[in-house]
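The structure appears below as structure tokens.
The values are calculated or read from the model by the stated rules, or taken from the named source; none is laboratory data. Keep in mind it's a predicted model, so treat the numbers as computed, not measured. For neighbour counting, all protein chains shown are included, and Cβ atoms are generated from backbone atoms with ideal geometry for every residue, glycine included.
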């Protein structure tokens, strides 16, 4: 009984240590080394042609304005609503190869480890190396003025 308990304790300790090292520390919805910066963006879908895709279901854009995070945002229209994702990979400490990109208008890809998420929902696709979704931000949309406010 003692031998089984000892082996089980050692295995548990190794697994916990490995998870802690690979995640850069404790996390809630991202790794602890995820950059924290203010998000406060207002865009008008009528004023800039670059935002025209957001007038259609499934349309998406990158936003790299002031106060849009350290690497910008991915905004996608989902019906009458919007999903706003941070472009930092949620499961890896940031480096030159962890900026999320949209692939084939249906997926979000982390180029470092090829982890993919579904663009419209943020759910990890099969074979992903994490169960964490991309970090999302709150938003308000006024359909009358076609103004989208994104904040954190």
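Summed over region 104-138, the residues that are in contact (Cβ under 8 Å) with a residue 60 or more places away in the chain and more than 11 Å from the chain's Cα centre (by Cα) give a count of 1. Residue count for region 63-80 satisfying the condition of being assigned to a loop (DSSP other than H, G, I, E, B) and more than 14 Å from residue 121 (Cβ to Cβ): 9.
Give me a count of the residues in region 81-93 that are in a strand (DSSP E or B) and closer than 18 Å to residue 38 by Cβ. Spell out the reasoning first.
So in region 81-93, the residues in a strand (DSSP E or B) come out as 81-86, 88.
Of the ones still in play, those that are also closer than 18 Å to residue 38 by Cβ are 84-86, 88.
Summing the residues that are in a strand (DSSP E or B) and closer than 18 Å to residue 38 by Cβ in region 81-93 gives 4.
A quick yes/no check of all residues on (1) crowded, with 17+ Cβ neighbours inside 10 Å; (2) in contact with a helix residue (DSSP H, G or I) (Cβ under 9 Å, 6 or more places away or on another chain); (3) at pLDDT 95 or above:
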| position | (1), (2), (3) |
| --- | --- |
| 96 | no, no, no |
| 100 | yes, no, yes |
| 105 | no, no, yes |
| 109 | yes, no, yes |
| 115 | yes, no, yes |
| 118 | no, no, yes |
| 122 | yes, no, yes |
| 127 | no, no, no |
